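These notes are about the structure you will find just below.
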């Protein structure tokens, strides 16, 4: 008990200088195959500060989902160490507290709902951590409001759209009041409208509540919403920087089988064809850049 | 076709019945089933039917919605009805209408068939009304609460209740999945509609295997999602929904005591199941 408090105190002291560290990976390796198979995560060292919005990009099998599961102790590292707010994920006694501070939303909205009524499902997390009844009601109200689903409190999840279901899943995690929200390809199964709904909620949580967001995705457009993008390839972190920095290195991205966001790709093609447009990553920027270059010409 | 199954499908509405305590409702349904099987003549069954209609009206669930639940077991009802009709072990004094080999059709067997079919129908409709007006969570909470005494003999009451509620919750998802797989197999030329029973059963194998595989994958996903939301068994867990017995539940309990008493009285003082035959004969002087 004592070392926890002293570690927290040390962290508090450090926080005054730099932002608090939310997640730290120290040379982490993980293999699903006990008998020395390939590493799904192979020597990752990564620091994520509290309040940061990090997008983790990579192809299928790049290890990004494994990385996500390592954060909230669903998986324990084969080698190395993962700490969440100073708590070591390989300590089974800490798993409960780690999961309280790092909530996770999964890919398939249908497979993470436990109840047949929205409010009962949102209540599941708080019930598990022993929140008193009255407070659970308040937390449900808060969580549903945060994802803009208050009017669906008594609805049946199976009748909702994919985007709505996924927002309910986010609310279910929010009700535990975590400091970190991990989204493991949570938009992959949604239509464009549902994707936008979920992204708006996530952005809002990050900006207004300072929630640390780890967004695992293979949609490059979504990475543009983040402050920081991490590219994974064969279990290793191969690129790390602002999304703009990452997308400026288009050729390197291509070697990891990742494509540029649509607008950035068009921009690149225009530049290659000899049109003097400035670097642009989304549709608005591209439109402005094209206008500017046309006016100059 | 598979989406029509109403079992485990909550019909959201605000009503007296919806607001009743699930424990009270469970006890009522048990009493209701007892009443169905206690009833020895048609008057008793008619009383039970009237009571069911009353509760459907009270619950503000459309009749069509309740009736849809029969579809699932219509085959069973028809099947047992035919068996009953043909193989009713008659007693003495049966009025035989047709007889062939071991098959005998008598007035008694017809009446018995109608009687048993009615029993089955009432049974299904009553329990359907329970699941339509009670969320599976409330239902399992009710079962958990009623089974609570078993905790003292180390029976995993909470776990069992959770397993049941999750099973109920996944029924629509798995139905949807089944429809999707059936469509996919049809698109590739599978034929589910023609051929004999065995052939059709064989045609279901390419549906069942992917369904099973997907169910296991879902189970794994759900396990992860529950872990991630700090699930660690019944220990240290609170409950958001508290069950409280109110005047409604008391009223309902009284109602059902009345129902059972009514059925017993009707059994004792009115005509027996087959006496109606003699009565009709008397009226028409046959």
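The values are calculated or read from the model by the stated rules, or taken from the named source; none is laboratory data. Treat the numbers as computed from the prediction; the structure is a model and nothing was measured. For neighbour counting, all protein chains shown are included, and Cβ atoms are generated from backbone atoms with ideal geometry for every residue, glycine included.
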Select from segment B:35-90 the residues that are in contact with a strand residue (DSSP E or B) (Cβ under 9 Å, 6 or more places away or on another chain) and in a helix (DSSP H, G or I) and write down the one among them that is surrounded by the fewest Cβ atoms within 10 Å (Cβ to Cβ). B:87
Which of the helices (runs of 4 or more DSSP H) found entirely inside segment B:104-206 contain at least 2 residues meeting this: at pLDDT 85 or above? B:107-133, B:136-147, B:157-187
Check residue B:235 against each of (1) within 14 Å of chain A (Cβ to nearest Cβ); (2) within 23 Å of residue B:145 (Cα to Cα); (3) surrounded by 15 or more Cβ atoms within 10 Å (Cβ to Cβ) and name the one condition it does not meet. (3)
Identify, please: which residue in segment B:211-232 is farther than 15 Å from residue A:109 by Cα and surrounded by fewer than 16 Cβ atoms within 10 Å (Cβ to Cβ) and is, among those, farthest from the chain's Cα centre (by Cα)? B:232
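Residues checked against (1) more than 7 Å from chain B (Cβ to nearest Cβ); (2) within 14 Å of residue A:173 (Cβ to Cβ):
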site	(1), (2)
A:114	no, yes
A:124	no, yes
A:128	no, yes
A:133	no, no
A:138	yes, no
A:142	yes, yes
A:146	yes, yes
A:152	yes, no
Out of (1) under 30 Å from residue A:123 (Cβ atoms); (2) away from chain A (no Cβ under 14 Å); (3) without any contact (Cβ under 8 Å) to a residue 60 or more places away in the chain; (4) not in a helix (DSSP H, G or I), the one residue B:245 does not meet is (3)
Within the bounds of segment A:92-100, is there any residue that is touching a strand residue (DSSP E or B) at 6+ places or on another chain (Cβ under 8 Å), facing chain B (nearest Cβ under 10 Å) and at negative phi? yes
Among the residues of segment B:99-119, is there at least one that is surrounded by fewer than 19 Cβ atoms within 10 Å (Cβ to Cβ), touching a strand residue (DSSP E or B) at 6+ places or on another chain (Cβ under 8 Å), free of Cβ contacts under 8 Å to residues at least 40 places away in the same chain and farther than 30 Å from residue B:270 by Cβ? yes
Among the residues of segment B:172-198, how many are in contact with a helix residue (DSSP H, G or I) (Cβ under 9 Å, 6 or more places away or on another chain) and within 30 Å of residue B:135 (Cα to Cα)? 10
Test each condition in (1) in contact with a helix residue (DSSP H, G or I) (Cβ under 8 Å, 6 or more places away or on another chain); (2) assigned by TED's automatic domain parsing to the domain that holds residue A:51 for residue A:244 and report the one that comes out false. (1)
Residue A:181 - would you say it is under 24 Å from residue A:54 (Cβ atoms), within 12 Å of chain B (Cβ to nearest Cβ) and buried (at least 23 other Cβ atoms within 10 Å of the Cβ)? yes
Looking at segment B:211-232, which of the residues that are in contact (Cβ under 8 Å) with a residue 40 or more places away in the chain and at the interface with chain A (Cβ under 9 Å from one of its Cβ atoms) is farthest from residue A:168 (Cα to Cα)? B:218
Mind checking which residues of segment A:247-274 are touching a helix residue (DSSP H, G or I) at 6+ places or on another chain (Cβ under 6 Å) and under 28 Å from residue A:207 (Cα atoms)? A:247, A:260, A:261, A:263, A:264
Given the conditions (1) in contact with a helix residue (DSSP H, G or I) (Cβ under 6 Å, 6 or more places away or on another chain); (2) surrounded by fewer than 22 Cβ atoms within 10 Å (Cβ to Cβ); (3) under 30 Å from residue A:24 (Cβ atoms), and given that residue A:194 satisfies all but one, which numbered condition is not satisfied? (3)
Residue under question is residue A:162, and the condition is that it be surrounded by fewer than 20 Cβ atoms within 10 Å (Cβ to Cβ), within 14 Å of another protein chain (Cβ to nearest Cβ) and touching a helix residue (DSSP H, G or I) at 6+ places or on another chain (Cβ under 8 Å); does it hold? yes
